[in-house]
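Notes follow the structure.
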Amino acid sequence: MRKIRPTTNFAFSMIAVLLSVLTVVPLLFAIIISFSSEASIAKKGYSFIPSEWSVASYRYLMASMDSVGRAFGVSVAVTVIGTILSLWLIGTMAFVLSRKEFPLRRLYTVLIMIPMFFSGGLVASYVVNTQLFGLKNSFLALILPQACSSWYIIVMRTYFRDNIPNELIDAAKIDGAGIFRIFFDIVIPLGRPIFAAVGIFEAFAYWNSWYYAMLYIRPERKELYPLQYLLYSIQQNAENIAANDNISGAVLKNIPAESFRMAVVVIITLPILLAYPLVRKHFTSGMLTGAVKE
Amino acid sequence: MEFIALSLPTIIWYIAFCYMPLFGIVIAFKRYSPVPGRSFIYNLFVASPFTGLDNFRFLFINPQIKAVVRNTLAYNFIFLILDTVLPIAIAVMLSHIYSDRLRGITKSAAMLPYFMSWVVVSMFLFAFLSTDKGFLNSVLTELGQEPVRWYQEPAVWPFILILTHTWKAYGYALVLYMANITSIDPGLYESAMVDGATAWQMVLKITLPLIRPVVIVIFLLNLGGILNTDFGLFYQATRNSGSIISATQTIDVYTYKALMEQANYGYSAAASLIQNVIGCIFLIAANTLIKRIDPQEGIL
């Protein structure tokens with residue numbers, strides 16, 4: 001690529017810096033607010049330079065383990081179970097579709113393509129999920145409806161077709177290996193990069209999911225709230241959260257409501273930031289193979 | 001046979017979560033009135049009377065629906081253009097700066113919002129827009145201006161929503177286009193340089209034409225979803241504020257509210273059905289069009 005002039009480079013670099021700052025500033029602001037004292041927020045509002053720093057919100061967070069801790073646990077469980085289930089559903093179908101000798105390949109491809117174009121809509125799936133499958137107020141409602149994705153199946157199928165040699169699978173068959181054996185011993189190890197990429201996307205989707213909780217989990221089953229939905233439900237009032245908790249009177253009297261909400265934002269974001277180096281590694285490979293088609 | 005066994009769970013998932021709900025579409029033509037304690041099939045086919053096209057007729061005379069359709073189309077049209085032009089411009093710009101480090105940092109920063117949920121983003125936004133504590137109003141007061149009740153002011157929301165959407169979405173496309181630009185054969189640029197081409201000419205004659213296929217695929221996917229909106233953006237980021245819905249309510253928000261807040265199954269189903277049918281036509285049409293222009297492209 002031709003070198004641009006130093007002045008142009010300077011201007012472009014400044015734009016890049018500005019862009020990066022604008023992109024991360026809201027998160028930085030949330031972190032600052034979570035460490036601001038209630039008195040400071042009452043006086044100055046949300047400020048980048050609070051008049052007084054405080055960890056009261058995090059102390060309150062520790063004290064409300066019954067709700068926040070539980071919600072954290074639900075989110076972790078949903079993310080782990082959901083991601084494994086997704087990878088199984090997507091991976092097996094992708095492998096089957098990548099095999100030319102599978103006679104129902106055309107039919108199955110059509111079957112997974114149709115939902116990309118047409119769906120029953122919100123009411124239809126809501127009614128079926130609640131009345132037929134009884135998913136209302138159920139842990140499975142947080143996992144099953146988003147467990148599979150036609151798009152990722154196609155992405156993975158393309159990867160398998162291009163990266164797993166036919167000879168290897170044929171040889172394994174001659175040696176008498178069954179399809180499950182082949183899937184575990186050949187497909188999963190050879191497909192590791194794509195499993196990692198799709199897995200990361202699925203894990204984030206589950207960790208960030210609030211929509212299904214909002215649809216299917218009613219307030220009488222608060223113990224099933226994932227962290228995201230808990231944050232949503234305390235947006236309006238932080239006092240809600242104290243209801244179920246055995247928090248000592250002194251703490252309860254001074255709920256650091258404002259900073260507490262932002263502290264929840266911070267503990268939701270922390271795992272995302274920790275997993276971020278992984279994302280950087282797999283992000284593009286996960287996106288790019290998708291753009292390659294049959 | 002073994003293939004079928006291996007893929008059986010996925011097929012069951014598709015039948016349960018994609019094909020079973022298709023039966024639910026009949027709700028759009030019925031007055032759905034479930035009898036507690038009776039089976040779903042009984043409720044759907046026996047207990048609920050057929051009303052023909054009544055749901056659709058009432059939907060169209062609903063005064064809200066005009067704004068809903070207008071918002072959906074207007075926002076998506078703006079997003080369609082911004083999501084294509086802006087990331088490409090930034091990607092081209094970034095690919096030229098000298099510092100690899102700065103390029104890496106900018107890419108990492110840009111991707112971050114993509115991995116944030118709308119609940120979290122809504123909190124970010126609130127920190128800036130809250131009437132009594134928000135940063136914007138602090139600045140306004142500081143400047144001697146009256147504070148604004150942002151969540152009650154429909155006129156400002158198109159800007160806020162477009163900004164928020166772009167902030168959250170540009171990184172994904174940016175990284176995608178960057179990866180594409182990086183994969184262009186450096187030899188092309190070298191020979192252009194020998195011919196004395198300027199940096200700008202190279203962008204126009206080499207970079208842009210070579211990333212065109214990816215641009216087309218993404219544009220096509222977005223175009224197919226012209227009636228679909230990001231529910232999180234329009235519901236969470238606005239904190240579902242009632243006084244601004246004239247500027248913020250889209251089809252997806254309408255369907256959700258008709259179902260969950262008014263338990264109006266029929267309207268909601270009718271709105272979804274129209275959305276899906278038109279969306280499907282759009283996607284197929286866009287796909288056909290692209291294939292005619294360039295047979296290598298398209299998702300089917």
Regarding residue A:16, is this residue part of a helix (DSSP H, G or I), facing chain B (nearest Cβ under 8 Å) and more than 24 Å from the chain's Cα centre (by Cα)? yes
Taking the criterion of being without any contact (Cβ under 8 Å) to a residue 12 or more places away in the chain, assigned to a helix (DSSP H, G or I), farther than 30 Å from residue B:139 by Cα and touching a Gly at 6+ places or on another chain (Cβ under 7 Å), would at least one residue in segment A:128-148 satisfy it? yes
Single unsatisfied condition, residue A:73 versus (1) more than 10 Å from every other protein chain (Cβ to nearest Cβ); (2) within 30 Å of residue A:154 (Cα to Cα): (2)
Take the residues of segment B:85-101 that are more than 20 Å from residue B:206 (Cβ to Cβ) and more than 21 Å from the chain's Cα centre (by Cα): which is nearest to the other protein chains (Cβ to nearest Cβ)? B:99
For residue B:214, only one of the following conditions fails: (1) part of a helix (DSSP H, G or I); (2) in contact with a helix residue (DSSP H, G or I) (Cβ under 8 Å, 6 or more places away or on another chain); (3) modelled with pLDDT of 90 or more. What is its number? (3)
Residue satisfying condition, being of a type in the set (Gly, Ala, Ser) and either part of a helix (DSSP H, G or I) or in contact (Cβ under 8 Å) with a residue 12 or more places away in the chain (or both), within set B:196, B:232: B:232
Options B:282, B:234, B:219: the member that is surrounded by 23 or more Cβ atoms within 10 Å (Cβ to Cβ) and more than 8 Å from chain A (Cβ to nearest Cβ): B:234
State which residue is nearest to residue A:152 (Cα to Cα) when the search covers only segment B:6-33 and only residues that are at the interface with chain A (Cβ under 7 Å from one of its Cβ atoms) and more than 30 Å from the chain's Cα centre (by Cα). B:7
If we keep just the residues of segment A:151-189 that are within 11 Å of chain B (Cβ to nearest Cβ) and under 30 Å from residue B:218 (Cβ atoms), which is surrounded by the fewest Cβ atoms within 10 Å (Cβ to Cβ)? A:151
(1) touching a residue at least 24 places away in the same chain (Cβ under 8 Å); (2) more than 30 Å from residue B:93 (Cα to Cα); (3) among the hydrophobic types (A, V, I, L, M, F, W, C); (4) touching a Ser or Thr at 6+ places or on another chain (Cβ under 8 Å) all hold for residue A:27 apart from (2)
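The values are calculated or read from the model by the stated rules, or taken from the named source; none is laboratory data. Computed from a predicted model, the values in this text were never measured in an experiment. Using ideal geometry, Cβ is built from the backbone for each residue, glycine included, and neighbour counts are taken over all protein chains shown.
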